[in-house]
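Step one of this worksheet: look at the structure below.
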Amino acid sequence: MSIPASMSLKTETGARGARTVLVIDDSETIRAHVASILRGAGYEVLEASDGLMGAFTIRERASDLCLVICDINMPRLDGLEMLEVLRGQYPKLPILMLTTESRVDKVERAKKAGAKAWIIKPFKPELLVEAVTKLTALPESPSRIPSP
Amino acid sequence: MEDDQWANWRFLLSSTAIELFEHYGVSLHDEAHWTPVLGEGEHVAGSVYFGGDRIQGGLTVCATRELLGRATPVPPEVPIPLSDFAREIANQILGGMKTKLIRHGVDFSYEFTDPAAHLPQTAPGGDARTLVLRSSGGEVALMFVVTSNVDLARTGDTVPPQEVPQGPGGLILL
């Protein structure tokens, strides 16, 4: 599935100093839960309810984002499909998968598409903050996410 | 489905749901009966469907607003439809069951519409049971519909691990 480039403004990614996290999940509860935790830790939060909206938001707001947190099982475009659509385009933007899925083959697929970390739901708030802190502190390197 | 098969499904569903609600601060007890009876109160439900080569069906979680409101991780000042939380609970229970079923060589995907709607009319329909787990502050009904030829008692843990070793809440750096 391709995202029409004409529908969005593609920008540079992962600006230094950005403190905005995009949370992509079809559950309003999970989005609100994650947003509440991260706002409490000093981050700004954007939300998207499926992979398609997530991809649009990344293309339009990439320069503001320091991290994307993404579910897998979502309608319209799932999280793995979204990663594969965007693969290689935003090498400085770390992606954390937050999902009920635990299959090794799916973890490997996400890694190949550029994901940097994986948490299986349910999760503890302190673990999420630890993961976000680690991922947003990683040194920027274009080689961290493979090119298509 | 025969009663002895239902006993295996029942254990899988019950143990996974109890573990999950424990994470959200609600202690549930399995009182050893499938029962359609729910206590009084205003109830909320959420459903998730699933489908795979050897299994398909749906899971509906139904509980009182009071119990779900107590379990929800979202701050009270943030208005969230409790039906969404009920659906997310169903999603996470299925996720936990899926992890255990993978060890039996059974896998399925989440579906956003009822997979049975796309089957030929000659296909066997799903069996349904309702499991009620009780806590001091209310009850949770798990309405489980499943069509499956999997015999959980026979398959055992015969399949090499297909899942990551970290359980729920574990952080995996890739």
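The values are calculated or read from the model by the stated rules, or taken from the named source; none is laboratory data. Note that the structure is predicted; figures quoted are calculated from it, not measured. Backbone-built Cβ (ideal geometry, glycine too); neighbour counts: all protein chains shown. Remember, those area values only see protein heavy atoms, side chains included, never the ligands or the DNA or RNA. Shrake-Rupley method; radii C 1.70, N 1.55, O 1.52, S 1.80 Å.
Couple of notes before you dig in:
- Options A:VAL85, A:VAL34, A:VAL68, A:VAL45; residue that is under 12 Å from the mean Cα position of the chain (by Cα) and in contact (Cβ under 8 Å) with a residue 40 or more places away in the chain: A:VAL68
- Number of the exception - B:VAL44 against (1) more than 13 Å from the chain's Cα centre (by Cα); (2) under 22 Å from A:LYS124 (Cα atoms): (2)
- Some residue of the stretch A:39-46 being β-branched (Val, Ile, Thr), more than 11 Å from every other protein chain (Cβ to nearest Cβ) and more than 30 Å from B:PRO161 (Cα to Cα): yes
- Counting the residues of the stretch B:56-87 that are open to solvent by 20 Å² or more (accessible area, probe 1.4 Å), among the hydrophobic types (A, V, I, L, M, F, W, C) and more than 7 Å from chain A (Cβ to nearest Cβ) gives 1.
- Residue in the stretch B:126-147 that is more than 14 Å from every other protein chain (Cβ to nearest Cβ), farther than 25 Å from B:GLU31 by Cβ and modelled with pLDDT under 85 present: no
- Residues in the stretch A:75-118 that are buried (at least 22 other Cβ atoms within 10 Å of the Cβ), of a type in the set (A, V, I, L, M) and in contact with a Gly (Cβ under 7 Å, 6 or more places away or on another chain): A:MET82, A:LEU83, A:LEU93, A:ILE95, A:MET97.
- Residue in the stretch A:53-70 that is of a type in the set (Val, Ile, Thr), closer than 24 Å to B:GLY95 by Cα and either out of contact with any strand residue (DSSP E or B) (no Cβ under 8 Å at 6 or more places or on another chain) or open to solvent by 40 Å² or more (accessible area, probe 1.4 Å) (or both) present: no
- Subset of the stretch B:88-103 [at the interface with chain A (Cβ under 7 Å from one of its Cβ atoms) and among the charged types (D, E, K, R)]: B:GLU88
- Residue in the stretch B:104-113 that is least open to solvent (accessible area, probe 1.4 Å), counting only those that are part of a strand (DSSP E or B) and within 9 Å of another protein chain (Cβ to nearest Cβ): B:TYR110
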